[in-house]
Amino acid sequence: MKVKPMVHVVIAGAGIVGVSSAIWLQRAGHEVTLVDRMDGALRTSYGNAGVLAAGAILPVPVPGLAQKLPKMVFSRDEPLFLQWRYLPRLLPFLAKYLSFARADHVAHCARSLSYLLADSHAQHQSLAEGTGAERFISDEDFCFGYATAASYRADESGRALRRAHGYEIEELDGADYAVRDPLYSGQFAKVVCYKNSGRISDPGAYLAALLAHFQAEGGTMLAAKIEDIELQHGAYKALITDQGRVTGDHIVLAMGAWSGKMAKKLGIKRLALESERGYHIELHNPSAMPKAPMMVAAGKFVVTPMEGRIRCAGVVEFASTEAAAQDGPVQFIKRQIATLFPDLTYDHMSDWMGRRPATTDSLPLIGPARAIANGHMAFGHQHIGLTAGPKTGRLIADMVSNQPSNTDLSAFDPARYQASS
């Protein structure tokens, strides 16, 4: 078998997608340089809910969403927030985003994302093997708690679609689940548990362990702000950063919500990428710990046991990537926590905000930057970045290494946003 020559791959972005790509490329024999601001407050992979949501195959825009939006935007008790001064810029994106709230597109997303997500627990185990990050991975169910029977019934179409794609589901009365986890006693009428999911007990520490392994194996990490991409004769030449030029043979763009400007340099002119911001609150040293991650359906936020703390993460807020965190989403989560855990005590509370990269069709871009011969893209994962990161990295490594694939990845092809020549 002919061995492919090693190339020097520069990866823009060191979140879970970028780090996963770096490790798999390194294992394939390539020289790899990661470039990222390395600002913990900005890294979405640091602050996510920590759930390996293998069943997260449905997009946010579903039929009927447009009719519900006015109530959601103007109610303080709904998990959707909007910074109004940002609305003029957001409107073209929202119009296209909501145009995909169709049954046929929901089915298309479910088929495509099932391939990307179904084996996420195994993909994380494979990525983390031998890195020291294994200890953060566990295999708990991902549960959905419904306060009323009506809210449980309203979600049946989503459960049916997941069952159709092979997901194993356990359904319990709320009282029966409370025997399993007394922390939720009296809170839910029904609880639905998705099997074969998983959890990362500390996403920030997990990512740090993977990054440390990458560096120990000879990978290069450069803390720098990426300002531009230099092209020469229609090919990638260098990243322009505040620390100088970073040259290489190949570029992988994995900058999450900050990818849009650079993607346009690589020929993706029709991409509308927005910052769909999420928040979390952590309860440090709590008097009780939940047994498994729980999506609280009423508030659309996830409660996850972490190491020494409980993380409550969720909310959708559309605003600029550079806008400061707002108090409204934080107060919303605090009210939800007070209702859900009236007797829970803890030492103190902390909060955080991050930016999810949202595409109009709710599918990530994973594939070649066809306008140049030496570039690939790996961003736009919205709510599934942690879950899909390791498999995305493996796919990117195979593509860069010219390894053939029998899988149809056209749903993720960046070419769907390519400008016509």
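Order 399-405, 251-257, 273-279 from most to least packed using the mean count of other Cβ atoms within 10 Å.
Averaged packing, sorted descending, gives the order 251-257, 273-279, 399-405.
Quick check on the chain: take the gyration tensor over C-alpha atoms, sort the square-rooted eigenvalues as a ≥ b ≥ c, and tell me if it's rounded (a/c under 1.5), prolate or oblate.
Prolate, because a/c is 1.5 or more and a/b exceeds b/c.
Once R0 is set to 35 Å, what does the formula 1/(1 + (r/R0)^6) return for the Cβ-Cβ distance between residue 323 and residue 373, expressed as a FRET efficiency to the nearest 0.05?
My answer for the efficiency is 0.40.
Over all Cα pairs of segment 228-341, how is the pair count split among 5 Å bins, expressed in % and running from 0 up to the last occupied bin?
2, 9, 16, 14, 11, 10, 9, 10, 9, 6, 2, 0, 0
With each label point set 7 Å from Cα along the Cα-Cβ vector, what nm distance links residue 179 and residue 85?
Distance between the two pseudo-spin positions: 5.6 nm.
So how tilted is helix 16-27 from the main axis of the chain? Cα-based, degrees 0 to 90, rounded to 10.
That works out to roughly 50 degrees.
Determine the percent antiparallel among the DSSP beta bridges restricted to the chain, to the nearest 5.
So the antiparallel bridges in the chain amount to around 70 percent.
Give me the accessible area per residue for the chain, probe 1.4 Å, as a whole number in Å². It would help to have the intermediate numbers written out before the result.
Working: 17410 Å² over 421 residues.
Per-residue accessible area for the chain comes out at 41 Å².
Taking all protein chains in place and a 1.4 Å probe, what share, in percent, of the accessible surface of the chain do carbon and sulfur account for?
Carbon with sulfur: 53 percent of the solvent-accessible area.
Tell me the angle of helix 103-117 to the major Cα principal axis of the chain, expressed in degrees between 0 and 90 and rounded to the nearest ten.
The angle comes out at about 70 degrees.
Gaussian network model of the chain, Cα springs within a sub-10 Å range: biggest mean-square fluctuation belongs to which of 138, 157, 259?
157
Note the angle between two axes, namely the Cα long axis of helix 203-216 and the longest principal axis of the Cα atoms of the chain, as a number of degrees from 0 to 90, rounded to the nearest 10.
Relative to the chain, helix 203-216 is tipped by roughly 20 degrees.
Between residue 233 and residue 149, 0.36 nm times their residue separation minus their Cα-Cα distance comes to what?
Result: 24.1 nm gained on full extension.
The values are calculated or read from the model by the stated rules, or taken from the named source; none is laboratory data. Only a predicted model underlies this, so the values are computations on that prediction, with no experimental measurement involved. Please note: Cβ atoms are built from the backbone with ideal geometry, for glycine as well, and neighbour counts cover all protein chains shown. Accessible surface is based on the protein model in full, side chains and every heavy atom, while ligands, DNA and RNA are left aside. Shrake-Rupley method; radii C 1.70, N 1.55, O 1.52, S 1.80 Å.
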